[in-house]
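Peer 1: Structure provided below as structure tokens; questions to follow.
Read-outs throughout are calculated quantities, based only on the coordinates presented, and are distinct from any laboratory measurement. The model shown is predicted, which means the values in this text are computed figures rather than measured ones. Please note: Cβ atoms are built from the backbone with ideal geometry, for glycine as well, and neighbour counts cover all protein chains shown.
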Amino acid sequence: MNKKGVLIVISGFSGVGKGTVVKKLVEKHGYSLSVSATTRQPRPGEVDGKDYHFKSVAEFRNLIDYNGFIEWAQYVENYYGTPRQYVEEELEKGNNVILEIEVQGAMRIKEQYPDAVLIFLTAPNAQILKTRLEGRGTEDNKVIAKRLKRAYEETDDMQCYDYLVVNDDLDTCVEHVHAVILAEGFKTAENMEYISNMKEELSRIRKEITV
Ligand code: ADP
Ligand code: 5GP
């Protein structure tokens, strides 16, 4: 059966642990991960082409003009976008693709790919979220304040997601996200080709039986 892959969108408040969870999902369960383009500056240790495709604003705009993104959005003063080619090729090969993107982008994905699974990652509570964001040590207080303000706004969009998963214990969270994605593949609507093949085979086999 040549099934297309599942498109999985993972969003969540800044600092909730999206990057950490997604990295483990890819390592442990072999998902394909889309590498986004962004105009933000690389953080220490981030590698161009692996963590992001780092672009100038002019390069990013050019990619928009050439329909190079399946979605893009502005988030706290920078642009972020999902390159089209990788996602389309991986889905065609039957691979499950993860997009780690913010909520405006997630809504655009749902419009274009109604079968996409939207998962919102959250923290056990707001204080833990703030502590994680500060603990990462990659943003100054001004940026942290903007990201927490954005997190507050994002609570309005949480109900648009299919699933809400709490990132308390990291390994448990990774398995919960994996379980959600696995369950999606078992939906009967995802298996219509199997059903029609089974019907055909049964039709043949029952005629072979002599009574
Ligand atoms: P995001 O990608 O959502 O902005 P990160 O993956 O960078 O978040 O994680 C933010 C910080 O929280 C990092 O320092 C990371 O090590 C830490 N972290 C992630 N998940 C957990 C967890 N389950 N428990 C404790 N700390 C976590
Ligand atoms: P960060 O700067 O912390 O890496 O990312 C900031 C926000 O942008 C996060 O919520 C992240 O999920 C989101 N993001 C990363 N890549 C993309 C993308 O390609 N499209 C959209 N819409 N959001 C993205």
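Peer 1: Using a/c under 1.5 as the rounded threshold, could you call segment 23-95 rounded, prolate or oblate? The axes a ≥ b ≥ c are square roots of the C-alpha gyration tensor eigenvalues, and prolate needs a/b larger than b/c, oblate otherwise.
Peer 2: Oblate.
Peer 1: Another one. Once you have the Kirkwood Rh of segment 106-211 from its Cα pairs, apply Stokes-Einstein at 25 °C and 0.890 mPa s and quote D in µm²/s.
Peer 2: On the way: Rh = 17.7 Å.
Rounded, D is 139 µm²/s.
Peer 1: Dipole magnitude of the chain about its Cα centre, charges +1 at Lys/Arg Cβ and -1 at Asp/Glu Cβ only, in debye to the nearest 20? Working shown, then result.
Peer 2: On the way: 28 positive and 34 negative charges, 24 e Å.
Charge dipole of the chain: 120 debye, to the nearest 20.
Peer 1: In terms of Cα to Cα distance under 18 Å, which aspartates and glutamates are near enough to K24, apart from those fewer than 8 places away along the same chain?
Peer 2: E46, D51, E100, D168, D169, D171, E175
Peer 1: What is the diffusion coefficient of the chain in µm²/s, taking the Kirkwood radius over Cα pairs and the Stokes-Einstein relation at 37 °C with a viscosity of 0.692 mPa s? Before the final figure, lay out the partial values.
Peer 2: Working: Rh = 18.8 Å.
Reported coefficient: 175 µm²/s.
Peer 1: Let me ask another. What base-10 log of the normalised intensity I(q)/I(0) is obtained for segment 1-62 from the Debye formula, alpha carbons as equal point scatterers, at q = 0.18, 0.29 Å⁻¹?
Peer 2: Values, matching the q order: -0.83, -1.31.
Peer 1: Give the range of the longest stretch in the chain that excludes all trypsin sites (Lys or Arg not before Pro) found in loop regions by DSSP and having at most 14 other beta-carbon atoms within 10 Å. Present the calculation step by step, with values, prior to reporting the outcome.
Peer 2: Working: sites that count: K3, K4, K50, K93, K187.
Here the longest run is 94-186.
Peer 1: Divide, for segment 132-186, the radius of gyration over alpha carbons by 2.2 N^0.38 Å, where N is the residue count. Intermediate values should be presented prior to the final figure.
Peer 2: On the way: Rg = 14.8 Å, N = 55, 2.2 N^0.38 = 10.1 Å.
The value comes to 1.46.
Peer 1: How many angstrom separate the Cα center of segment 136-209 from the Cα center of segment 1-66?
Peer 2: Centre-to-centre distance over Cα atoms comes out at 17 Å.
Peer 1: So how strong a dipole does segment 31-113 carry about its Cα centre when Lys and Arg Cβ are +1 and Asp and Glu Cβ are -1, to the nearest 20 debye? Intermediate results must be reported in sequence, preceding the final value.
Peer 2: Details: 9 positive and 14 negative charges, 22 e Å.
In total the dipole reaches around 100 debye.
Peer 1: If you take every residue apart from I101 with its C-beta less than 10 Å away from the C-beta of I101, what net charge results, scoring Lys and Arg +1 and Asp and Glu -1?
Peer 2: Working: positive: K18, R108; negative: E71, E100, E102.
For residues surrounding I101, the net value is -1.
Peer 1: Continuing with this model, one more query. Charges on Cβ only, +1 for Lys and Arg, -1 for Asp and Glu, centred on the Cα centroid of segment 102-189; of Q112, C173, Y163, which one is farthest towards the dipole's positive end?
Peer 2: Q112
Peer 1: If you don't mind, there's one more thing I want to ask. With 5 Å bins from zero, work out the P(r) of segment 154-211 over every alpha carbon pair and list the percent per bin.
Peer 2: Cα pair-distance distribution for segment 154-211, in percent: 4, 14, 13, 13, 14, 9, 8, 8, 6, 5, 4, 2, 1, 0.
Peer 1: Now for a different question. Counting chymotrypsin sites (Phe, Trp or Tyr not before Pro) as exposed when in a DSSP loop with at most 16 other beta carbons within 10 Å, what is the longest stretch of the chain free of them? Show your work: numbers first, answer last.
Peer 2: Values: sites that count: Y66, F186.
Formally, the longest exposed-site-free interval is 67-185.
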